[in-house]
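To start, the structure itself, in structure tokens.
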Amino acid sequence: DGTLDGVLLACLALVPLAAFEPVLALPAAAQQTAAAKESGRRLVEITREPEPRPDPAEPMDFEPNPLGGPPFIEIKRLSVTWPGADRPAIEGFDLKIQPGERVAVMGPSGSGKSTLAAALMGFLPYEGSLRFGGVELAEYDGDDVRRTVGLCSQDAHVFDTTLAENLRLARTKATDDELVRALRWAGLRDWFDGLDLGLQTPLGEHGRAVSGGERGRIALARCLLADREVLVLDEFDAHLDSATAERVLRTAAAALEGKTAVIITHRPLPDGVVDRTVHLRPPVPAPRDAPLSALLDLAPRG
């Protein structure tokens, strides 16, 4: 008779709406697919990269301090060249670090400060001597070294997940109280107290929900939570003013007690924050005509 039942009419009206709902997710799915493919491509590139410092075929057992605690570190005439570079980033550097000592390493940009951090972590080959407990670092397996030496770098990554999960990358079984204590050590107590979601606060992609200074201190909290015997802080204060950086280091002193700390910085640190300061200077490149000058010096004079 040309009429529709009321129930059928309602179904006809609702079906398009219900069918449209699954379609709404397609643009986001396409975006995530592209991001996943790009992430996969980068991971494949990383797996194909050669190891910067191959581990020894028969590494020594890593026991640089049989009595426990941080080892004595001795560096003599250290030269480090990055793979593919034509000249060293560090050349002829000397340093001795006593167990439990806090040493600031200062230097201008390009002086090799981050290169020193990478060498201490066992990431790079080197010439000269770099000894932990009297044994060359190159004799140890790199993973064993990094179970003793922890790094907080200026470009430490913050993942698109919660604050708690970012911190637990350092120690998966850490309790909430231990996470909060690490944040306090890193000078983030007031910031944390102002978070509505606390440890469940999402940090956003690349840590966009936090400032550069907060991101650096979250990385510091993660490093302190890992509880390594030797800590290398590579310009963690790059986004902090001098007063805040000093306050953070004084707050972190409790976590650094009894540990060796190498604090790499571009500005002076006040007395009481570190035991001493050493200076790292860029290698002096030879003049381009140095080989020619040397040959001319050897030439007979007439």
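No lab work stands behind these numbers, since they all come straight from the coordinates. Here the structure is a predicted model, which is why all the values come from computation and not from measurement. Because the Cβ atoms are built from the backbone with ideal geometry, glycine has one as well, and the counts that use them run over all protein chains shown.
Odds and ends about this structure:
- Dipole in debye (nearest 20) - the chain, about Cα centre, beta carbon charges: Lys, Arg +1; Asp, Glu -1: 880 debye
- Hydrophobic, long helices, defined as DSSP H runs whose alpha-carbon span along the helix axis is 18 Å or greater and whose mean Kyte-Doolittle value is at least -0.5, occur in the chain at 6-48, 212-226.
- Theoretical gain in end-to-end length, Ala10 to Glu257 [0.36 nm per residue, Cα-Cα removed]: 81.7 nm
- Counting 0.36 nm for each residue step from His206 to Thr47 and taking away their Cα separation leaves a gain of 55.0 nm.
- Taking a straight line from the alpha carbon of Lys259, these lysines sit under 30 Å away, with near neighbours fewer than eight places off in the same chain left out: Lys76, Lys96, Lys113, Lys173.
- For q = 0.13 Å⁻¹, Debye-computed log10 I/I(0) when each Cα of the chain counts as one equal scatterer: -1.02
- Sorted peptide list for 214-225, 264-275, 188-199, criterion being average Cβ within 10 angstrom, highest first: 214-225, 264-275, 188-199
- Working note: 222 nm ellipticity from helices only, DSSP H runs with n ≥ 4, each -39,500 (n - 2.57), summed and divided by the residues of the chain, gives -11500 deg cm²/dmol to the nearest 500.
- Computed from the C-beta positions of Ser109 and Thr33 and an R0 of 41 Å, the FRET efficiency is 0.55 to the nearest 0.05.
- Relative to one another, the C-alpha centroids of segment 102-123 and segment 203-263 are positioned 16 Å apart.
- Residues listed by number, segment 117-132, amide nitrogen under 14 Å from Arg77 label point at 7 Å toward C-beta: 127-130
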